Amino acid sequence: RAVHVLVFNARGQLFLQKRSMTKDTAKGKWDSSSSGHVDSGEDYDPCAVREVWEEISLKLDQPPERILRIEACVETGQEFVWVYRCESEGPFTLHPEEIERGDWFTPEEITRWVQEKPQEFARAFVLIWQKLKSK
């Protein structure tokens with residue numbers, strides 16, 4: 001089980017992270033604002049709150065909004081995923097072992113980038129973005 005959290009700002013831009021080269025999978029790939037595995041005995045909502053704090057130092061008082069459920073598949077590494085959405089203006093303090101860097105992008109920029117260079121993204125994020133764009 002895993003969560004992906006998409007953090008948007010007031011201008012509608014999405015914060016994407018570039019994964020560290022020390023990660024086990026998708027090294028150096030662009031990915032959701034925050035993502036991670038649900039711990040044993042933990043539910044999805046507390047995990048989403050924990051992950052945004054651990055990875056980008058975003059303190060949430062309540063779980064973000066659930067926007068998409070993805071069944072286990074090849075793109076997610078056979079993980080069952082809940083995708084969340086929240087808003088923040090940052091700035092964020094990025095966990096250096098998890099994230100190389102991050103930046104804000106418009107949805108149009110992301111759509112074009114994913115279409116032209118999907119290999120620059122984690123496979124799960126490509127799937128998430130395609131599903132969100134088809135809603």
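Given only helices, namely DSSP H runs of n ≥ 4 each adding -39500 (n - 2.57), what is the per-residue ellipticity at 222 nm of the chain, to the nearest 500 deg cm²/dmol? Working shown, then result.
Numbers: 3 runs with 34 residues, N = 135.
Computed ellipticity for the chain at 222 nm equals -7500 deg cm²/dmol.
Per residue, the chain exposes an accessible area of 54 Å² to a 1.4 Å probe, with every protein chain left in place. Of all GluC sites (Glu not before Pro) in segment 6-105, which ones are in loop regions per DSSP and have a Cβ with at most 14 other Cβ atoms within 10 Å? For GluC sites (Glu not before Pro) across segment 6-105 that sit outside H, G, I, E and B with at most 14 neighbouring Cβ atoms in 10 Å, the list reads E42, E71, E89, E97.
Looking at segment 2-42, which trypsin sites (Lys or Arg not before Pro) are in a loop (DSSP not H, G, I, E or B) and have at most 11 other Cβ atoms within 10 Å? Those that pass, being in a loop and sparsely packed, are R11.
Across P91, P46, P64, mean-square fluctuation computed from a Gaussian network of the chain (C-alpha pairs under 10 Å connected) peaks at P91.
Greater than 27 Å separation of Cα atoms is the criterion. Which listed pairs, K27/K135; K59/K135; K29/K135; K18/K59, meet it? Could the numbers behind the result be given before it?
Values: K27/K135 29 Å; K59/K135 29 Å; K29/K135 25 Å; K18/K59 20 Å.
From the list (K27/K135; K59/K135; K29/K135; K18/K59), the Cα-Cα distance tops 27 Å for K27/K135; K59/K135.
Report the relative contact order of the chain, percent, no decimals, based on alpha-carbon pairs under 8 angstrom and at least 6 residues apart. Before the final figure, lay out each step's value.
On the way: 254 pairs, mean separation 44.4, N = 135.
Reported relative contact order: 33 percent.
The values are calculated or read from the model by the stated rules, or taken from the named source; none is laboratory data. From a predicted model like this one, the values you see are computed outputs, not experimental measurements. Reconstructed Cβ throughout: ideal geometry from the backbone, glycine too, with neighbour counts over all protein chains shown. Surface areas here come from the heavy atoms of the whole protein model, side chains and all, with no ligands, DNA or RNA. Shrake-Rupley method; radii C 1.70, N 1.55, O 1.52, S 1.80 Å.
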